[in-house]
1. Name the one entry in C:192, C:217, C:241, C:196 that is of a type outside the set (Ser, Thr, Tyr), crowded, with 22+ Cβ neighbours inside 10 Å and within 20 Å of residue B:405 (Cβ to Cβ).
2. Which of the numbered conditions does residue A:210 fail, given that it passes all the others? Conditions: (1) out of contact with any strand residue (DSSP E or B) (no Cβ under 9 Å at 6 or more places or on another chain); (2) within 9 Å of another protein chain (Cβ to nearest Cβ); (3) assigned to a helix (DSSP H, G or I); (4) at pLDDT below 95.
3. Given (1) charged (D, E, K, R); (2) away from chain C (no Cβ under 14 Å); (3) assigned to a helix (DSSP H, G or I), identify the lone condition not met by residue A:216.
4. Give the residue that is surrounded by the fewest Cβ atoms within 10 Å (Cβ to Cβ), with candidates limited to residues of segment C:119-138 that are assigned to a helix (DSSP H, G or I) and touching a strand residue (DSSP E or B) at 6+ places or on another chain (Cβ under 7 Å).
5. If only one of B:387, B:342, B:352, B:396 is under 41 Å from the mean Cα position of the chain (by Cα) and either small (Gly, Ala, Ser) or more than 14 Å from every other protein chain (Cβ to nearest Cβ) (or both), which one is it?
6. Mind listing just one residue for me: the one in segment A:209-259 that is free of Cβ contacts under 8 Å to residues at least 60 places away in the same chain and among the small types (Gly, Ala, Ser) and, of those, nearest to residue B:362 (Cα to Cα)?
7. Being of a type in the set (S, T, N, Q) and farther than 30 Å from residue A:17 by Cβ narrows it down to one of A:132, A:117, A:70, so name that one.
Amino acid sequence: MEQTFFGAAFTSYSVAMSLFFGYVITRRESLSRVAGYAVWTGVITHIVSLVLRTLAARVVEEHRFYVPWSNWFESFSFFTLVIAITFLIIEWRRGMPILGAFVSPVFFATMTTAVYSPFGTQIPLLAPALQSYWMAIHVPVMFISYAAFALAFAVGLAYLIQERQLKSKHPTSISFRLPPLEDLDQLIYRIIRMAFPILTLGVLLGARWAYDAWGRYWGWDPKETWALITWLIYLIYLHMRLVVGWRGRKTAYLSLLGFGVVLFTYVGVNYLSSLHGFLSNQGR
Amino acid sequence: MRFNIWLFTIIAAASIFGTFFPKIEVYHSVWFSTLLGLMAFDVIACKLRRGPLLIHGVPKREEERSVERLFTQSRLWASLPTRLPVESASEAVRLWLASLGLRVHEEPVRAGESGNASAFFAARHRIQRWGDMVLHISIVAILGGGLMGALYGFDEILPLPVGETMRLKNRPLEVTLEDFDIQYYPSGAVSRYASEITVRSAGAAGQAGAELARKRIVVNDPLDIDRIRFYQASWGMTPLFHSAILRIGGRDIAVRPGEEVPLAGGLSVRANRIAPTFELTPDGRMRSADHEGRNPALQIDFVENGQVKAAVWLMLNRPEAYRINGERVSTAPPPPFLWVAVDPILFSGVQVGYDPGAPLFWLGAICLMAGLCSHFYLHQRRLRVAVVATANGSDVLIGGWNSRTPSEFENEFEAWVERLRRQVA
Amino acid sequence: MSLVIVGLSHRTAPIDLREHLAITAPQMGEALGRLVKVAGAREAVLLSTCNRTEVYVRGDPGTSHEASLRAFFGDLYKHPGLMSALYQHEGAAAVRHLFRVAAGLDSMVIGETEILGQVKSAYQLAHTHGSTGKITNVLFQRALFVGKQVRTRTNISEGSSSVGSVAVTLAERIFGSLHNRHVLLLGAGEMAEVTARHLLSQKTGQIVILNRTVEKAQALATMLNGRAAPLDALHDELPRADVVICSTSAESPIVTAELVQKVMKVRRGKSLYFVDIAVPRNVEPSAHDIDNVYLYNIDDLQRIVDENMARRRAEIEDAEGLIDGLSGEFHQWVTAALEGRTAALKHGLGAPEQGDPSRES
């Protein structure tokens, strides 16, 4: 039952991506609208699948704190959901249909990463450290900020493409399908401005959890350290933008770099740390 | 200002370096701590230079309280000529500002050479201007908390076997492990482990002190006594065990540590201790990598007439053994001997930590969040309105300022002005 | 079918000939009346723009109206070259001609959209004066439909066609809405004025004009509702501007790359767009390499116009094909209608509608 809904979600996200690409090529507005509906469908079926999964898992005492983002598969699946929801919110507030063409590959990629999990897709056996209500608080907050940074990355890409078009003095029809430069730049800034306090909150909640679990609120564990590095990168972005006055190209690059750091904090670090990472229970 | 950005970059780079080379001490080194200290100092220095915050947005200096100087900072501007006399226009402005829900302050200002005009200073989300200061100061608090903890805090690990008591080095306290409970999933992975501990003040030699607390601690749920916290950090196998079962010559023999059990032909076997995670180093020495019990090995001696004939490390449930010198011996039939079961003595890793900087850290954390949310999520908008008498009535001059980019205020400003226009035009 | 077109256009006649044959709206009623009487037309529409004057007439079948229509033109203006400048089309060719005109394929600037409005006005005027009838009603409405179809289904109207509109389009690519963007004019010449007017149609914010002779700047400022200042105010005004139009006659660049660097610092990196239409150039070309600075000179803009035009021309084949199909279909419909049968006219992508001559008016 849960798998049916998950499959429906995956299909919806894939359909949305194809439709967004189709919109870029044919410029038919109807395609982007339908793509939006496809994302909505994906989000709803995805939420249902997560609820079903939680209900199925919480029959065992060890799973009384279980939330459906407790191993590799679940984590990427949940991350996809958060990206999709964040995308829908930004679409609703800013209305940039072409954005879908940049963001849908991202959530398609995360969904695929979930499905091809090297650790399987079953409900995991929770290690003692993960048996805490903090799992339901710290992780979603971090993911919301990560998803926003993923969007800032997508918009940054769009910015760089548009900038290249205009600097080359040979703007093609691509330039017309992409939003104007300043709009993109402003959007990146607004996304990061919104996400930075959330990232800070997530890191501080993680510290609070660590205080109860590991005896200290900050131990320079690789994951903690890389979360700090992510925080510093976006701190640099904000100072650059607000204080020094960098705009445009350089800050677009920063938004790309920032997301790279986010990815490393999310995935790469697990290969460095045995305490914090998925490898600490072999992801099972 | 660029200095800050360089500082952040260097701290980030140093942190990255530390994660790739965990063997090199980075985060507690002097130079890294200096960098953090520099950041704290830098924050204070930058924020001290900030100008005084205007009360109600009214200019402090007398010269600036004139209509000509009132709107120099305004990014948005509108002017509404009206036939209404100054008093009526001012009343309309009052009502208008009230209807917008702004906090208003009135003050007369000079208009032209000798005239006076009424001026209104209105704002929304004024509290946002504190956000910047608060969030920066809270960084200092956070770093300060960290420093306090590093200087005056302590951290100890007590590997307590069940029933044992250990005394803390940093405080006159004793911890006794009354009971240890561990449960497994069917797959063999640990599902839960918990320790029943008692904390007593250290008594004189041989005497037990007063009991201070008793709690069953689990990962994620420590015991807190006056901010000294007792955590369930880890668990493991000690080298000790209650009993083990060996299968020799087809027979199951129960052994206790150090006990010689006779076998056939004058030979007896003695089991001494356990290596919880047995491994051979590259140069052939044996050791236990950790206490987790991932590869238990039992050290047994075969004794004849009081002399040790053979000493081996025997793997649990595997026909595999190693001589003391590291040479591998097979224990598959014949002759077969196998270690089949053990009742180990486990220890609970109770971590005791004290961080006097923690309250400062948490205070800083809360202030940081409050400051960030205020600074980034609130939108300070200010209006300066002057009503000046003219030949036909009066002019209402409106200047707008906001803390974000002007384009984010434009639409609202125009809508507000439009509202007033309908009242006075 | 007895549909006849006689007329002249920019393709066949020079401007001085065409301007004598232009018919304004107030004159239309009288002209149409004359047309109907002189040519014995049952239905008539007159299309007169600065680039063409054409007469669309439905006459009696079997009668040739060509001579009387040519005479009509001769009455308007006597000129020896007139007759050779007139062309005519009949029947299916006439339908095709109108469709091509409406689609902008016969315009000076391929795919231009103004002609569509002009065809519509011509038709509406004729309708008001009662000179249209069943065939012309359907024909012209169909022509407007075809004009729109060709523009949506091909890229015939894509891309700006003048340097001024290209400049504005680029500004919009950079800044999005030009609402409240500050415009700075260096130099107060005609080119500057034209480009500025293009921008102003987008409701830009403040416009400031700098010129060596302040009076000229002031004159232009008054016309454009802006502010004037002497040229040495450049250092103060440049940081405040988003769009800078340069057209001074300075012999070497007055805006150096170094100045732009400094200005960008003051602007905190906000995008800066230069339209340098001066020859020799007013802005050092290396300024384009600075981050967030976009410097387009007249050659760049002209090249984009040329590229756009080339792209439009590449669309001509598709457009002609579309028109062939649609005009053929229309001709069949008209023939059937005149013979008393009903036929179908496709409307958009849907199923064909049963056409009825009276219904579409």
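The values are calculated or read from the model by the stated rules, or taken from the named source; none is laboratory data. Note that this is a predicted model, so its numbers are computed, not measured. Please note: Cβ atoms are built from the backbone with ideal geometry, for glycine as well, and neighbour counts cover all protein chains shown.
1. Working: C:192 fails: within 20 Å of residue B:405 (Cβ to Cβ); C:217 fails: within 20 Å of residue B:405 (Cβ to Cβ); C:196 fails: within 20 Å of residue B:405 (Cβ to Cβ).
Just one listed residue meets the conditions, C:241.
2. (2)
3. Here residue A:216 meets the rest and fails (3).
4. Start the filter on segment C:119-138 by keeping residues that are assigned to a helix (DSSP H, G or I), which leaves C:119-128, C:134-138.
Checking which are touching a strand residue (DSSP E or B) at 6+ places or on another chain (Cβ under 7 Å) leaves us with C:119, C:122-123, C:126, C:135-136.
Details: C:119: 22, C:122: 21, C:123: 22, C:126: 25, C:135: 19, C:136: 25.
Looking at residues that are assigned to a helix (DSSP H, G or I) and touching a strand residue (DSSP E or B) at 6+ places or on another chain (Cβ under 7 Å), I get C:135.
5. Details: B:387 fails: under 41 Å from the mean Cα position of the chain (by Cα); B:352 fails: either small (Gly, Ala, Ser) or more than 14 Å from every other protein chain (Cβ to nearest Cβ) (or both); B:396 fails: under 41 Å from the mean Cα position of the chain (by Cα).
Among B:387, B:342, B:352, B:396, only B:342 is under 41 Å from the mean Cα position of the chain (by Cα) and either small (Gly, Ala, Ser) or more than 14 Å from every other protein chain (Cβ to nearest Cβ) (or both).
6. A:210
7. Unique residue meeting the criteria: A:132.
For every residue, the table says whether it meets (1) aliphatic (A, V, I, L, M); (2) touching a Pro at 6+ places or on another chain (Cβ under 9 Å); (3) within 13 Å of chain C (Cβ to nearest Cβ).
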{"site": "A:128", "(1), (2), (3)": "no, no, no"}
{"site": "A:135", "(1), (2), (3)": "yes, no, no"}
{"site": "A:139", "(1), (2), (3)": "yes, no, no"}
{"site": "A:149", "(1), (2), (3)": "no, no, no"}
{"site": "A:164", "(1), (2), (3)": "no, no, yes"}
{"site": "A:175", "(1), (2), (3)": "no, no, yes"}
{"site": "A:179", "(1), (2), (3)": "no, no, yes"}
{"site": "A:190", "(1), (2), (3)": "no, no, no"}
